[in-house]
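Structure first, commentary second.
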Amino acid sequence: MKLINDKISWSDFAKIEMRVGTIISAEFFKQVKKPAYKMMVDFGEYGIRKTSAQITTLYTPEMLIGKQVIAVLNFPPKQIANIMSECLVLGALGDDKEVTLIQPEKSIKNGLKIG
C-alpha cells in the first residue's frame, strides 16, 4: 500500500470549494502547447466560469457539452495562454496520462457543494 505523505486537516479540506457545474461550451485551445480544450462551465449561483482542461484523449468537444463535472472554484485565477482560468475541473489521471472526468452519477443542481 502506498502511503500519502502530506496530510491535511479536516478544516483544510473544508476550505476547498468543490462544486458541480455543467459544461456549456468546449472548443480546441489552439494557443496552448499541450492539447487542451477551452471550456465555459455553469455553476448556477456561482456563475459561469472559464477554464482549460487537458482532456482531449478521451473526450471530444461535442461529448463535453451538457456534461456535469466537479471543479474547485476557490483557487486563484490562473493565466493559461490567452485566457484567465477561473476554476479547476477534476479528473483522474490514468496510467497512459489520459484524464477521466469526475462527474455526478445523475444530473443534479449546478453549484452544489462536494464534501
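Each reported figure results from applying straightforward, stated rules to the coordinates on display, with no laboratory input. This structure is a prediction, so every number in the text was calculated from the model and none was measured. Backbone-built Cβ (ideal geometry, glycine too); neighbour counts: all protein chains shown.
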Please identify, among GLU27, GLU17, GLU105, the residue showing maximal mean-square fluctuation in a Gaussian network model of the chain using a 10 angstrom Cα cutoff. GLU105
Out of GLN68, VAL99, ILE80 - ranked by how far each Cα lies towards the positive end of the dipole of the stretch 16-105, with unit charges on the beta-carbon of charged residues - the top one is ILE80
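Per DSSP H run of n ≥ 4, the term is -39500 (n - 2.57); total these for the chain, divide by its residue number, and report the mean residue ellipticity at 222 nm rounded to 500 deg cm²/dmol. Don't skip to the end; give the middle numbers.
On the way: 2 runs with 9 residues, N = 115.
Helix-only estimate at 222 nm: -1500 deg cm²/dmol.
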Considering only the other residues whose Cβ falls under 13 Å of the Cβ of SER107, what net charge follows from Lys and Arg at +1 and Asp and Glu at -1? +1
Give, in nm to one decimal, the length gained when the segment between LYS34 and LYS97 is fully stretched (0.36 nm per residue of separation minus the Cα-Cα distance). 21.5 nm
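Between THR56 and ALA81, what FRET efficiency follows from the Cβ-Cβ distance if R0 is 22 Å, with the result rounded to 0.05?
Values: r = 15 Å, r/R0 = 0.68.
Approximately 0.90, to the nearest 0.05.
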How far is it, in nm, from the label point at LEU112 to the one at GLU17 when both lie 7 Å from their Cα along the line to the Cβ? 1.9 nm
Mind checking which lysines have their C-alpha under 28 Å from LYS38, skipping anything on the same chain fewer than 8 residues away? LYS15, LYS30, LYS50, LYS67, LYS78, LYS97, LYS106, LYS109, LYS113
Give me the net charge of GLU86's neighbourhood, meaning all other residues with Cβ under 9 Å from the Cβ of GLU86; Lys, Arg count +1, Asp, Glu -1. +3
Calculated from the structure, mean projected area of the Cα convex hull in nm² equals which of [x] 6.7; [y] 8.9; [z] 8.4? [z]
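If the only charges are +1 at each Lys and Arg Cβ and -1 at each Asp and Glu Cβ, what is the size of the charge dipole of the chain around the Cα centre, to the nearest 20 debye? Present the calculation step by step, with values, prior to reporting the outcome.
On the way: 16 positive and 12 negative charges, 41 e Å.
Its charge dipole is roughly 200 debye.
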For the chain, set up a Gaussian network in which alpha carbons nearer than 10 Å are linked by springs, and say which option among GLN54, GLN68, GLN79 fluctuates the most. GLN79
